[in-house]
1. Name the residue that is farthest from B:ILE288 (Cα to Cα), counting only residues in the range B:157-195 that are within 14 Å of chain A (Cβ to nearest Cβ) and of a type in the set (S, T, N, Q).
2. Can you name every residue in the range A:106-136 that is more than 20 Å from A:CYS258 (Cβ to Cβ) and open to solvent by 10 Å² or more (accessible area, probe 1.4 Å)?
3. Somewhere in the range A:313-336, is a residue open to solvent by less than 10 Å² (accessible area, probe 1.4 Å), among the acidic types (Asp, Glu) and within 30 Å of A:PHE442 (Cα to Cα)?
4. Please verify whether B:GLY333 is under 25 Å from B:ASN47 (Cβ atoms) and either open to solvent by less than 50 Å² (accessible area, probe 1.4 Å) or in the same structural domain as B:ARG63 (by TED's automatic domain parsing) (or both), treating the condition exactly as stated.
5. Please return the ranges of strands (runs of 3 or more DSSP E) entirely within the range B:46-156 where 1 or more residues are open to solvent by less than 10 Å² (accessible area, probe 1.4 Å) and within 12 Å of another protein chain (Cβ to nearest Cβ).
6. A:CYS176 versus (1) within 14 Å of chain B (Cβ to nearest Cβ); (2) of a type in the set (A, V, I, L, M, F, W, C); (3) under 21 Å from the mean Cα position of the chain (by Cα); (4) buried (at least 21 other Cβ atoms within 10 Å of the Cβ): which is the lone unmet condition?
7. What residue, of B:ALA284, B:ALA268, is within 30 Å of B:ILE49 (Cβ to Cβ) and not assigned by TED's automatic domain parsing to the domain that holds B:PRO51?
8. Name every residue in the range A:454-468 that is closer than 22 Å to A:LEU159 by Cα and buried (at least 22 other Cβ atoms within 10 Å of the Cβ), in order of residue number.
Amino acid sequence: MDATIFQYAIEALLTLLSPTHFLYLFMGVTIGLTIGLIPGLGGIAGMAIIMPFLFGMDPGLALAMMIGLSSTTSTSDTFMSVLVGVPGGSSAQATVLDGFPLARQGMAARALSAAFISSMLGGIFGALLLSIAFVLAKPVLLAVGFGEQLMLVVFALTLVGMLTGPSMAKGLASCCIGLLLGTIGASQATAEYRFTFDTIYLSDGIPLVVVALGIFAFPEIIDVLRKHARISEAGALGGGWMQGIRDVLRHWWIVLRCSFIGAIVGALPGLGGSVIDWIAYGHVVQTSKDKSRFGKGDIRGVIGPESAANAKEGGALIPTLFFGIPGSGTMALLLGGLVVIGITPGRPMVTSHMDLVFLIIWSIALANILGTAISVLLAKPISHVTVIPFARVAPFLLVMVFLSAYQATREWGDLITLVAIGVLGIFMKRLGWSRAALLIGFVLAPRLEAALYRSVQIYGWDLFLRPISVVIMVLAAISLIYAWRNRAHSVSDAERGEYEASLGTLGVQIGFTLIVMAVGVWFIATLLQLRFLAWVFPVSVCALMLAFCAWMVFGMIRRAPWPGLITDTEAGGDGSTPGSFRLLGWILVLPALSYLIGFIYAAPLYVLGFLRSKARLGWIGALSGAVVILLIEIVLANVLLLQFPEGYLQDLLPASRFIYRLW
Amino acid sequence: MNIRLTNLWPAVSRRARRGVLVAVTGFGLGFAAPAQAQTDLSGERVNMIIPYQEGSGSTIHGRLFAIGLEKHLPGQPTIIVENIDGGGSVRGINQFAARANPDGLDIAAIATGTFFQYLLKDPAVEYDLPSFRPFLASPFGLLVYASTDMATSDDSVENVRQLIENPPIYGASGPTSSDLPVLLSFSLLGIKPQYVFGLSNAETRAGFERGEFGLNYDNMASWAQAVKPLVDDGTARPLFTLGFEENGKIVRDPMLPDVPTFLEIYEAINGKPLEGIEYEVWKAAFNIRVMGSKMLVLPADTSDEIVAQYADAAEAAVEGDEFKTEAAQATLGEYPQRVGADAETVFKASLEMSDEARAWLFDWLESEFDVSR
């Protein structure tokens, strides 16, 4: 038996290394890397693009291409996260926290190469796990029922304790805001709509991309613009990619642990891919002795989530291949792709398609290596973006952010929500509310509510008698205690100055908290008209949020020197830097112009205007920027078949249809 | 090894690929063109809206037909598939109804959800379903199965009695979703499961495998891949299918002739066949879920000529080589595909619901699930 497995493994490797297979794998990798670069487009979009070509294709070739694609989108999405502070994809959200500060300190190349190498190692680990999974997977997967899924979600939530920032009450309130945003849409139990304002856009909930882009991109872009700076404050690239590799080698133990976490969580039902990097990040912070650098540019904060991100692909393949149950959105598509090429995943896969199983395993490993090699080669040149004056980068970035958000559902609702969340994000960043906690709450909300409801329906109190549930519960409790014991309870001397300065805008800080409370009360009032199962979860969250906020207002009125409570990063400025909201106006010109004449025209015009008046470029430079954007749009429209927000007057400009039809 | 030329360069434009395809297939294309006046679609881009996720059953079905239609429509247009997911197909179809032109350049896939949301007068619905022009209907049977712990006998009737006696836990998407026909069938038989709503198909099947749910059902497209292994290893036992309609009569599902239909079980349990208003409602649900499971339509006001063109192309596609592959067989099952006037008949039957039947259905939803409109 062992000998045959070995034989299959060798044969599969030889097949994969044949020129045609390799070519297809390479094409998959290239598409995956390209798509991963665009925030919001991930494996799902990539699979959708290659699906039409799969019908009638040789299964081996199609597999090589699909795996090549799905294994590498979470490699290249790191570029955006590290270089410009915009989450490049759902698996690179946590990378922003430490990756972007590193870039700002002029260590973009180091952060990138550390990220790529650790994601490659993670990816290979995932492939390894997959190769032993068909012996072990079944009993493990069958043991994780809805009750255990609930406990996993609770466990993940306790990690928020690690991400709350200096003020725990603020962090938990932020998490509650995220949880509430995540309950928007149809209730799972009763299918009643919550806070949808009778719009069909909100009835399926707000897309993750829109929240992630709004909450991170807007505040960061504005922050850099405010200071008229380059992204890299050091002004130079510094710290080459060799340093990143050394970092990874030094922290090999983190790589291993986080790869394991990524692969396991990817395989288990209930949590899903978009939480994995947060869990890994929380784990790294929790297990580190010196926590002071996290969030300010600690390389461990990059290595952890990136190792987990690529390991999860191998993990997610386990239920997909062996049970026919997709472990993620990308995997659902892969499943569709497999059916299309005539392979039926499920139990027969192990017995009758052993060769294909190994082809997949080798493809993952090879795709990760290829993807990393390409990305590392690109890291240095692309990092130059951090030393260009940011005003020249910003318009392109904004065009990309709006375009990416619009791909979520291709409705104007995407852009409106993006702006709304962006404004919220600006306030949260300014006043020290944890945006990471909000995002993790948002991602977990539907899972927590669903798992809660299902477990109670299926098990009732028996839930607490299931051994695995109890074990996970105890782990969660330990993690919570740990988080509590490790935090400071009063403002340190170093933070004293900021505290004093922030007292000046106490009114704004209390006002914002009161607005959050008012929204909470209003939510409760509207929710109570629904049936019990539809309101019980969001109302409980609202109540918690109100409690945290009330506690904060109490502390603020007493001017309590609790860590992080009284914070305003814009307080005490000398008036030379423009306020956030004047710059927000600059951002809003793009959607406004798009609404009028359509994005496809608005984007080049916007870039032209921005480069001329804000970046003070000459006509030639500004015009060439506009032309570049137009060319990019044409490529996106025709190759990736992306669509652009349409404007009110667009029909008067017939050329726009022409742009879609160049091919 | 079977590598088609068209697949070697996926990044190459679709039109270039088509050129290669035309060159390769050469004369073979001629037969698809009927000798009537027709619109030439050459060089055009046809938009196909699929109101469900990428990777969904509807997408695989739609994409298969997109390939066939590209090849057999006059002028070999390029078909662009666009997934607009949301609101149980309402979002995509609303958009289709609002934006599609009756010029043969816009088509859409519709499925069970599209019908139910319309018939149950979901306030989000903005489309006038009867005005659409169907040209293809693909039927799909449904199999209901139980865990061998809950259904211990070899006899389906006996098993259903056991389930009436000991209500199982059952996971579903929601009472007004595409699960409605199966929930209705349970209710008519007197099985009163403890429902857990808000689950996808994959989640319910996983829960079933873990022994958390005692009852489940699946579309026959998943039979070979997902359900048969469970039956073979003794985890699951088939209870009944919803049956299949042939010449106006409901017969056993052609893919599972050994498994009795819902109507047979009902008669055995109650001593009389299902009739009256209850039959009328059940039959309407059956028409939608089984006979009109997946359809392709053109927008309102499309000319008969264009509809006929699409019907002919769909027929040629079904008979063409590309639909003989294993993958295509797995996508379509062994069911006969209905095109043109036959598709229209299925479509009309699916929309037929008297006010009385509708009122009964609303009452049932309210009393069983507390769903009110």
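The values are calculated or read from the model by the stated rules, or taken from the named source; none is laboratory data. Since we're looking at a predicted model, the values are computed, not measured. Glycine also receives a Cβ, built like all others from the backbone with ideal geometry; neighbour counts cover every protein chain displayed. Surface areas here come from the heavy atoms of the whole protein model, side chains and all, with no ligands, DNA or RNA. Shrake-Rupley method; radii C 1.70, N 1.55, O 1.52, S 1.80 Å.
1. Step by step, filter the range B:157-195, then rank; the result is B:GLN194.
2. A:MET107, A:PHE134, A:VAL135, A:LEU136
3. Looking through the range A:313-336, none of the residues is open to solvent by less than 10 Å² (accessible area, probe 1.4 Å), among the acidic types (Asp, Glu) and within 30 Å of A:PHE442 (Cα to Cα).
4. No, not satisfied.
5. Filter on the range B:46-156 gives B:78-83.
6. Checking A:CYS176 against (1) within 14 Å of chain B (Cβ to nearest Cβ); (2) of a type in the set (A, V, I, L, M, F, W, C); (3) under 21 Å from the mean Cα position of the chain (by Cα); (4) buried (at least 21 other Cβ atoms within 10 Å of the Cβ), the one that fails is (1).
7. After ruling out the rest, the residue left standing is B:ALA284.
8. Listed by number, the list holds a single entry, A:SER455.
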